[in-house]
Structure formats: C-alpha cells, structure tokens
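See structure below.
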Amino acid sequence: METGRTNKALTANEKAVELDNQDEVAYNNLGVTLKELGRLEEAEINYRKAPTLKSNFSHAHNNLGATLKELDKLEESAISYKKKISIGT
C-alpha cells in the first residue's frame, strides 16, 4: 500500500476506534495499518486490545502472533498463534 493511502487508512482507523472503543475490528484494523507503517509496538497494543473485547477474534490473535514474531517475542508469539488455532477461523 502506498504511504498516502496508508496514512488515510490510519486516520480512518483511529477515528473508528475513537467513535467506538468497544469495536474489536476497529482495533484490529488500526493494528494492521500501524504494522504497515512499521510501527510494530503500537500495532501490538491494538492487536492486544481486540481480544479483550471479543476473546474468540481469531484474526487479532493471528495478527498479534505475527507482530510479536517480528518483535522477536517468540514465546508470546507462539501463545498467540495457539489461541488462534484453538479458535479456528
């Protein structure tokens, strides 16, 4: 994704979280955008928030696992992937 579009997505996703801070999809989407911008620590925070709102949200567990792997937090990454697998799709 080109930077201009990613920055627009960031603004839109931040607004979505602001409008509904109980929307797990909004937090996951914000995490995706932050990760695309290379802001892995911020992406991690948002991916961690999503499952607190909906524990069986497998996409957030998967995205968190991938981000933790990139941050070299391998044990936590494995736990997140295992949660994703236990939930299924």
Number of the condition not met by Ser58 [criteria: (1) among the small types (Gly, Ala, Ser); (2) modelled with pLDDT of 95 or more; (3) within 13 Å of the chain's Cα centre (by Cα); (4) crowded, with 16+ Cβ neighbours inside 10 Å]
(2)
Output the residue which, of all residues in region 1-39 that are free of Cβ contacts under 8 Å to residues at least 12 places away in the same chain and not in a helix (DSSP H, G or I), is surrounded by the most Cβ atoms within 10 Å (Cβ to Cβ).
Arg39
Unique match (being free of Cβ contacts under 8 Å to residues at least 24 places away in the same chain, surrounded by 14 or more Cβ atoms within 10 Å (Cβ to Cβ) and part of a helix (DSSP H, G or I)) among Glu42, Glu75:
Glu42
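The values are calculated or read from the model by the stated rules, or taken from the named source; none is laboratory data. These numbers were taken from a predicted model, which means no experiment stands behind them. Counting neighbours? That spans all protein chains shown, and the Cβs are built from the backbone with ideal geometry, glycine included.
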